[in-house]
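Visitor: Below you'll find the structure I mean.
Read the figures in this text as sums done on the coordinates, not as results from a lab. Bear in mind the structure is a predicted one, so any value in this text is a computation, not a measurement. Don't worry about glycine lacking a Cβ; one is built from the backbone with ideal geometry, like all the others, and counts go over all protein chains shown.
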Amino acid sequence: MSAEREHPQLSPIHLVPIVICLLASYLFTSLIVISRLSLPPPVITPVQEPPPTVPAEEALSQPAPYINSLMIIFIMFAAGVVIIYILAKYRRLLKFIIYFLIGLVTFSTTAFYTSLIAFVFTPWILELWLFFTAGAIFFVIYSIHKGYETLAMLSAVYVASSAGSITGSSLPFWTSIVLMVAVSLYDVYIVYRGYLKNLTKEDALTFPGLMVEFKGITVGLGDFFFYSILSSFALSSWGLISALMAGVGIILGFTLTIYLLRYRRILPGLPLSLIIGLSLALLGSIIF
C-alpha cells in the first residue's frame, strides 16, 4: 500500500473499497454456503491436515498446515519474480498478460456464481451464463484499461472478492489460519526487503488491474484478495458473527495502515488487517 501524497489525510472515502470488498465476499460466500456445495481443497494444498474438530494444539503441532502455507507463499513469490522479470525485459507484454489472467479469472468466477444462482434460485438464468460472463469480462477489462478510478476499483474488487470467496471457502481449515499469519509476514518481507522495495509509482502503474489507486491511496489487488479470503473463511467456518467481526478487524487494520502512511511512503497492506481480523474472528467463534 502506498500514498500519492507524502502525508495523506485519512478520510472515510478511503474505506469504501474495503467495505465493498467485504460485502461482496459475504454475498459470494453465502451463495456457496446456501448451495451446500463442498468445494475440494485447492491443488496447491495437497498435504492432508487434521479435521477442524481436532484441538488447535494438536492440529498446529503437525506439519501439514505449514507445508501447505509455504507452498502457497512459494507460488506467490515465484509469480512476483516472473512479473518483475517481464517488467524489466518485456514491459509492453506485461499488460496483455495481466489482462489475459484477469479476464480468465473473471470468466471462471462469473460462470461459477451464475451456476450457483441457477441452482439455488432460478434455473433459467443458466441460459444467460454466456451473456453474464462476457459482460463481466468486458466491464472489468474496459474499466481497468481506461483507468477510470471508481470503475477500475469496482472491477478489481469484483475480481478479488469473487476469487477470494472461492479460495476462502475451499482452503483447509488449519491451513487458512496459518496462511493468514504467513502471508502477513511475507508481505512485510517483500515490501521492505523483497522485489517491492524499490518499486516506483511509475512501475506500479505498469500493473493495470494489479494495483488499485483510489483517492490518492494505492492498494494491491492481492490485498483485496486476502481480505476476501479471511472474511469468506470466517463466514463458512464460524458463521456470520465471526465474519462480521473479521470484517471489523480488517477495516480497523486498514484504517491504521492508512494512518501510518503519514510517516512512510509505502507500507504492507496485509499484516494489521489480517492479524486483527483473524483475532476478532477467533474471538467471535469462541464467544458466539
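Visitor: Fully extended, how many nm does the chain gain between Val181 and Ile125 (0.36 nm per residue separation, minus their Cα-Cα distance)?
Guide: 16.2 nm
Visitor: For a Förster distance of 22 Å, can you work out the FRET efficiency between the beta-carbons of Met76 and Val43, rounded to the nearest 0.05?
Guide: My answer for the efficiency is 0.90.
Visitor: If you don't mind, another one. Is it possible to state the helix-based mean residue ellipticity at 222 nm for the chain, with each DSSP H run of 4+ residues giving -39500 (n - 2.57), the sum divided by total residues, to the nearest 500 deg cm²/dmol? What is it?
Guide: -23500 deg cm²/dmol
Visitor: Shape call for segment 49-129 from the C-alpha gyration tensor, a ≥ b ≥ c root eigenvalues: rounded (a/c under 1.5), prolate (a/b greater than b/c) or oblate?
Guide: In terms of gyration-tensor shape, oblate.
Visitor: Another one. How many nm is it between the label spots at Ile275 and Tyr189, if each spot is 7 Å from the Cα in line with the beta carbon?
Guide: Once both label points are built, they end up 1.6 nm from each other.
Visitor: Report the Cα centroid-to-centroid distance between segment 101-138 and segment 157-186 in angstrom, as an integer.
Guide: For segment 101-138 versus segment 157-186, the Cα centre distance is 22 Å.
Visitor: Across segment 186-195, in residue order, what do the Karplus-derived ³J(HN,Hα) couplings come to in whole Hz, using 6.51 cos²θ - 1.76 cosθ + 1.60 with θ = phi - 60° and x for Gly and Pro?
Guide: These are the phi-based 3J(HN,Hα) values: 5, 4, 4, 5, 5, 6, 9, 10, x, 6 Hz.
Visitor: Further question: Place the peptides 40-48, 58-66, 183-191 in order of packing, highest mean first, counting for every residue the other Cβ atoms within 10 Å and averaging per peptide.
Guide: So the peptides 40-48, 58-66, 183-191, ranked by packing, come out 183-191, 58-66, 40-48.
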